[in-house]
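Asker: Below you will find the structure I want to go over with you.
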Amino acid sequence: MTLTELRYIVTLAQERHFGRAAERCFVSQPTLSIAVKKLESELDVALFERSKSAVQLTPVGERVVAQAQKVLEEARAIEELAHAGRDQLHSPLRLGAIYTIGPYLFPHLVPRIRDFAPAMPLYLEENFTELLRAKLRHGELDAIVIALPFSEPDVLVRPLYDEPFVLLLPADHPWRDRPQVAPAEIKQTRLLMLGEGHCFRDQVLESCPGINSSREGNALVTEGSSLETIRLMVASGLGASVVPLSATTHIPANGAVLVKPFAAPQPMRTLALAWRASFPRPQAIDVLIDSLRHCAVSAPAEPAG
């Protein structure tokens, strides 16, 4: 039994005439007649009563044709699903990002994706690198934005752009009038940092030598759960902090928090996109990469303050 044979009997049931049914199916009358007889032989039941003047469905034929109509409708639904699948920008994309990227990247990324792929909504998630890694590996996420270095078997990684770090200071800090600060100097001030588990914390410790991560002395005085919480603590005068440039774009100039660039060599991180090598929507990945890079280009080149 084939879909073509089912289409023949459904059309014949509608037309009640072999000639007209054959025309609708774009086949000859003998071809349609032979196919119907073949199906009746295979099912070992008569579907139609034939006479010189009319073609009528048998009682069992009515039930078979009704079921055949449902099968054809389901087959069309499968074809529509396949067609949608061929349009790689037509279904949701599940994107994850680490906590120190997502809040500052996603507001720029979403409208960019809507411009280039309006039929591809984004499911967005923020998490730690290791949890994002596991979700990517298990297929719970399609792609993740992380900071290098990052490696995972059967996962492709594409560097996106470098993002410099900057220093946040309370408005009354002794360094408030300095145009820039050397990375090695920040060990001389009270510093607020993210807690354990954030890869950005490790990047700061690596980029700014001399910071005491054990909290002995006055280098590291406390930890925050997010960069926004840390920014508020800086504004209150509790200490200084190191943050990525993207986390400062909404900080007003001459406010309670001052943004100072670092002297060369500037500490920075390289952001990258990672996705499974087997992910079947390369066009979606291409649009995502272009959009992410555009977000970096559109960010302010100079920190405020």
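FYI, it's all coordinate maths here, none of it is from the lab. All figures in this text were calculated on a predicted structure; none of them were measured in a lab. Counting neighbours? That spans all protein chains shown, and the Cβs are built from the backbone with ideal geometry, glycine included.
Asker: With springs only between Cα atoms under 10 Å apart, run a GNM on the chain and tell me which of Gly139, Gly19, Gly102 wobbles the most.
Answerer: Looking only at Gly139, Gly19, Gly102, the biggest GNM fluctuation is shown by Gly19.
Asker: Restricting everything to alpha-carbon atoms, can you work out Rg to Rh for the chain with a Kirkwood hydrodynamic radius?
Answerer: 1.34
Asker: Over region 3-86, one equal point on each Cα, no solvent: what is log10 I(q)/I(0) by the Debye formula at q = 0.20 Å⁻¹?
Answerer: -0.88
Asker: With 10 angstrom as the radius, rank Ser241, Ser226, Ser236 by how many other C-beta atoms surround their C-beta, starting from the fewest.
Answerer: Ser236, Ser226, Ser241
Asker: While we're here: State the extension gain, in nm to one decimal, for the chain segment bounded by His90 and Arg178, taking 0.36 nm per residue of separation less the distance between their alpha-carbons.
Answerer: Full extension of this stretch gives 26.6 nm more.
Asker: Compute the label zone of Thr229 within region 171-209: residues whose backbone N is under 17 Å from the point 7 Å along Cα-to-Cβ.
Answerer: 191-202
Asker: Ranked by Cβ crowding within 10 angstrom, fewest neighbours first, how are Lys37, Lys260 ordered?
Answerer: Fewest-to-most Cβ neighbours within 10 Å comes out as Lys37, Lys260.
Asker: Describe numerically, in nm with one decimal, the distance between label points set 7 Å from Cα along Cα→Cβ at His250 and at Ser53.
Answerer: Placing both labels 7 Å along Cα→Cβ, they lie 8.1 nm apart.
Asker: Which of Leu168, Leu47, Leu131 ends up with the largest GNM mean-square fluctuation for the chain, with Cα atoms connected below 10 Å?
Answerer: Of the options given, Leu47 has the highest mean-square fluctuation.
Asker: Round to the nearest 0.05 the FRET efficiency obtained for Asp290 and Gln188 when R0 = 35 Å and r is the Cβ-Cβ distance.
Answerer: The calculated FRET efficiency here is 0.25.
Asker: Roughly how many Å is it from the Cα centre of region 6-23 to that of region 28-69, as a whole number?
Answerer: 9 Å
Asker: Oh, and also: For a test of understanding, tell me how many lysine pairs in the chain have Cα atoms under 28 Å apart, given they are 8 or more places apart or on different chains.
Answerer: 5
Asker: I need to check one value: relative contact order of the chain, counting alpha carbon pairs closer than 8 Å and at least 6 residues apart, in percent.
Answerer: 20 percent
Asker: Separate question: Per the helix-only calculation at 222 nm, which mean residue ellipticity applies to the chain, given -39500 (n - 2.57) for every DSSP H run of n ≥ 4 and division by its residues, nearest 500 deg cm²/dmol?
Answerer: One gets -13000 deg cm²/dmol as the mean residue ellipticity at 222 nm.
Asker: Check every DSSP H run in the chain and write down those whose alpha carbon atoms cover 20 angstrom or more along the long axis and whose mean Kyte-Doolittle hydropathy is 0.5 or greater.
Answerer: Helices meeting the span and hydropathy rule in the chain are 282-298.
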